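Q: Would you mind keeping the following structure in view while I ask a few things?
The values are calculated or read from the model by the stated rules, or taken from the named source; none is laboratory data. Values in this document were obtained by computation on a predicted structure and should not be read as measured data. Ideal geometry is used to build each Cβ from the backbone, glycine not excepted, and the neighbour counts take in all protein chains shown. Just so you know, the surface numbers come from the protein's heavy atoms only, side chains and all, with ligands and any DNA or RNA stripped out. Shrake-Rupley method; radii C 1.70, N 1.55, O 1.52, S 1.80 Å.
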Amino acid sequence: MYALVDCNSFYASCERVFNPQLEGLPVVVLSNNDGCVVARSAEAKTVGIQMGVPIFKIKELVKRHDVRVFSSNYTLYGDLSQRVMNILKRYSPDVEVYSIDEAFVGMKGMAHLEELGKSMKEAVMREVGIPICVGIGKTKTLAKIANRLAKKHKGFGGVCLIDDEIKRQKALELTSVEDVWGIGRKHAKRLSLLSVRTASDFTHLPAQWVKKHMSIVGLRMQRELQGYSCISLDLVRERKKSICVSRSFGKDIHTLDELKEALMTHVMQCGIKIREEKACASALQVFASTNRFRHDRPQYSGQLTANLLVPSDSSLELAKCAANLLQRIFKEGYGYKKIGVVAYGIIPKNEVTGNLFDAVDRDKHESLMRGLDMINAKFGKSCVQLASQGFGKKAWSLRQEHLSPCYSTSWKDMLVIKADA
DNA sequence: TCTGGGGTCCTAGGACCC
DNA sequence: TCTGGGGTCCTAGGACCC
């Protein structure tokens, strides 16, 4: 049996933990650049705010209902997430952290599953202050479905267990096919043309049809819904296959110099991620694009990939390569909205093969990067930078107008509790 | 004026090899 | 004049997830 633990309105709930006045009020959290709504408290859902809607489109709604708006604060959410996961690990050695706000917990051989679920819920609320729901089923996909029901129907008290045939049937009938884990917009549309409306309908489709139109991924989903486990717990995190850092700009950027400053900043971040993985990248891709929503302006999107002579984790080398790629994709006369870098061919550092014609002093780079990481870890990631990242005010920087403090990870942001004299 | 970011997996088709 | 078959690897694109 598997339990799926999912935090309710996670980002919005995080904001509430250190700011209890938000309790009972509609709260939303925005994507990077204060673009779209990516998390909503229950109250925000009730007043009709849709997931993913750009904030500028709901100005009126926000004003009318006094909705509290926050920029996303991943430092805060990441820290609270870890605390939640640590609690779950007390219940089972098998915890797969699936995303920042979700984890699968292996419950093999355990009894009193519903009570265990309730206990998890209470512990997380008591110790971190985050509300969660728990769904339990024979397969991961059924656990997902159970979780959805637990969220949707108050009667479950936040914990839903599917442990027999009757409950499974009932749960599948109550779930629309587009709400099944792994069925996205495209497949949902195709299925609706066949009058497949619920998860239960989907399980009755001929397997050949599913295989043909939805590949073996679809077949696997079907089997999982029928109660045959096909997706096992992923307990050791696999090595990443690609590492990407990209951002939209607060406003359009026209010059190569400014684009380069932004790109160099992303490359530096990418380098840090690569070194955290104790890995090297074999190839680097740079991409840049204009604002795809502005149909009234000329559109352009360029991308180019280059192999490195020797796989590397040195920000300096990556930066040099990226700068070169940018020069080649840059076209004058466009307003750029986004730029990014992707590292491919990620291999463990100790498996890197050298090259006879390699002219780089790798030991030197290595100690330089070690020093740089140490300083930046201690004094903030912008303490030591590349000159090419630019100085002074950055026209391209993110918009973050509603950022909350990092209550749990920064000394200066810690709450001060005043006792009444 | 203002529309996110970071991933994974699968398939088809082309290049290439013997 | 006649021009195979089997296999691997790589890439681009699609679909999906949170």
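Q: So, with +1 on the Cβ of K and R and -1 on the Cβ of D and E, and no other charges, what is the size of the charge dipole of the stretch A:228-279 about its Cα centre, to the nearest 20 debye?
A: Dipole size: approximately 240 debye.
Q: Provide the per-residue ³J(HN,Hα) series for the stretch A:14-20, in order, calculated from phi with Karplus coefficients 6.51, -1.76, 1.60 and θ = phi - 60°, each as a whole number of Hz, with x at glycine and proline positions.
A: So the J values, rounded to whole Hz, are 4, 4, 6, 4, 9, 9, x.
Q: Would you be so kind as to identify which of A:S315, A:P348, A:Q327 lies farthest towards the positive end of the dipole of the stretch A:314-357, taking Lys and Arg as +1 and Asp and Glu as -1 on Cβ and the Cα centre as origin?
A: Selected residue: A:Q327.
Q: In chain A, what percent of the accessible surface is made up of carbon and sulfur (1.4 Å probe, ligands and nucleic acids excluded)?
A: Values: 12490 of 23250 Å².
Heavy-atom surface of chain A belonging to carbon and sulfur, 1.4 Å probe: 54 percent.
Q: If you don't mind, another one. Measure up A:K89/A:K144; A:K45/A:K212; A:K89/A:K186; A:K144/A:K338; A:K108/A:K170; A:K57/A:K211 against 29 Å on the Cα-Cα distance and list the ones that go over.
A: On the way: A:K89/A:K144 19 Å; A:K45/A:K212 38 Å; A:K89/A:K186 36 Å; A:K144/A:K338 34 Å; A:K108/A:K170 24 Å; A:K57/A:K211 40 Å.
Those over the limit are A:K45/A:K212; A:K89/A:K186; A:K144/A:K338; A:K57/A:K211.
Q: Find which of A:A199, A:T265, A:S410 sits farthest along the positive direction of the dipole of chain A, computed with +1 on the beta-carbon of Lys and Arg, -1 on that of Asp and Glu, about the Cα centre.
A: A:A199
Q: Rounded to the nearest whole Å², what accessible area per residue is found for chain A with the 1.4 Å probe? Could you put the intermediate results ahead of the total?
A: Working: 23250 Å² over 421 residues.
Value for chain A: 55 Å² per residue.
Q: Between A:K240 and A:A387, what length in nm is gained on full extension when 0.36 nm per residue of separation is reduced by their alpha carbon distance? Intermediate results must be reported in sequence, preceding the final value.
A: Numbers: separation 147, 0.36 × 147 = 52.92 nm, distance 2.93 nm.
Taking 0.36 nm per residue and subtracting the Cα distance, the gain is 50.0 nm.
Q: Which whole-Hz ³J(HN,Hα) couplings does the stretch A:229-245 yield from phi under the Karplus relation 6.51 cos²θ - 1.76 cosθ + 1.60, θ = phi - 60°, glycine and proline marked x?
A: 6, 10, 10, 8, 5, 9, 8, 9, 5, 5, 5, 5, 9, 8, 10, 10, 10
Q: Using θ = phi - 60° and the Karplus form 6.51 cos²θ - 1.76 cosθ + 1.60, what ³J(HN,Hα) does each residue of the stretch A:307-324 get, whole Hz, x for Gly and Pro?
A: 7, 8, 4, 10, x, 9, 10, 8, 4, 5, 5, 4, 4, 4, 4, 5, 4, 5
Q: Then there is this: Measure up A:K121/A:K152; A:K189/A:K240; A:K240/A:K394 against 24 Å on the Cα-Cα distance and list the ones that go over.
A: Numbers: A:K121/A:K152 16 Å; A:K189/A:K240 32 Å; A:K240/A:K394 31 Å.
Cα-Cα > 24 Å for A:K189/A:K240; A:K240/A:K394; rest within.
Q: A further question follows. Where does helix A:140-152 land angle-wise versus the long Cα axis of chain A, in degrees 0 to 90, nearest 10?
A: For A:140-152 against chain A, the angle is about 80 degrees.
Q: With a 1.4 Å probe and all protein chains kept in place, how do A:H365, A:H112 rank by accessible area, largest first?
A: Working: A:H365 40, A:H112 140 Å².
The ordering from most to least exposed comes out as A:H112, A:H365.
Q: Which of the trypsin sites (Lys or Arg not before Pro) found in the stretch A:59-160 are in a DSSP loop and have at most 14 neighbouring Cβ atoms, other than their own, within 10 Å? Write down the numbers at each step before the final one.
A: Values: sites: A:K59, A:K63, A:R64, A:R68, A:R83, A:K89, A:R90, A:K108, A:K118, A:K121, A:R126, A:K138, A:K140, A:K144, A:R148, A:K151, A:K152, A:K154; in loops: A:K89, A:R90, A:K108, A:K138.
Here the sparse-neighbourhood loop sites are A:K89, A:R90, A:K108.
Q: Taking the stretch A:62-102, which chymotrypsin sites (Phe, Trp or Tyr not before Pro) meet the DSSP loop condition and have no more than 15 other C-beta atoms within 10 Å?
A: Details: sites: A:F70, A:Y74, A:Y77, A:Y91, A:Y98; in loops: A:Y91.
Answer in residue order: no site qualifies.
Q: To the nearest 20 debye, what charge dipole does chain A have about its Cα centre, counting +1 at the Cβ of each Lys and Arg and -1 at the Cβ of each Asp and Glu? Walk me through the intermediate numbers first.
A: Numbers: 63 positive and 45 negative charges, 201 e Å.
Computed about the Cα centre, the dipole is about 960 debye.
Q: Here's another thing I want to ask about it. Which residues' amide hydrogens lie under 5 Å from the amide hydrogen of A:I132, considering only partners 5 or more residues apart or on another chain, with H built in the peptide plane?
A: Result for A:I132 returns A:N8.
Q: In terms of modelled amide H atoms, which long-range or inter-chain residues lie less than 5 Å from the amide H of A:H254?
A: When sequence neighbours closer than 5 places are left aside, the close amide H contacts are A:Y336.
Q: Can you tell me the orientation of helix A:165-174 relative to chain A, as the angle in degrees between its alpha-carbon axis and the longest Cα principal axis, to the nearest 10?
A: Rounded to the nearest ten degrees, it is 60.
Q: Take the Cβ-Cβ distance between A:K412 and A:E60 as r, set R0 to 22 Å, and report the resulting FRET efficiency rounded to the nearest 0.05. Kindly include the intermediate steps, with their values, before the conclusion.
A: Numbers: r = 36 Å, r/R0 = 1.65.
Rounded to the nearest 0.05, the efficiency is 0.05.
Q: Also, I was wondering about something else. List the residues, sorted by chain then number, that are 5 or more residues from A:A39 or on another chain and whose placed amide H is less than 5 Å from its amide H.
A: Excluding prolines and chain starts, which carry no amide H, the hits are A:V29.
Q: Return the calculated 222 nm mean residue ellipticity for chain A, to the nearest 500 deg cm²/dmol, obtained by summing -39500 (n - 2.57) across DSSP H runs with n ≥ 4 and dividing by the residue count. It would help to have the intermediate numbers written out before the result.
A: Numbers: 13 runs with 159 residues, N = 421.
Rounded to the nearest 500, the figure is -12000 deg cm²/dmol.
Q: Enumerate by residue number the chymotrypsin sites (Phe, Trp or Tyr not before Pro) in the stretch A:294-363 meeting two conditions: DSSP loop (anything except H, G, I, E, B), and at most 16 other Cβ atoms within 10 Å of the site's Cβ.
A: Answer by residue number: A:Y300, A:F357.
Q: A:S229 versus A:Q303, label points 7 Å from Cα toward the beta carbon: distance in nm?
A: About 3.7 nm separates the two model spin labels.
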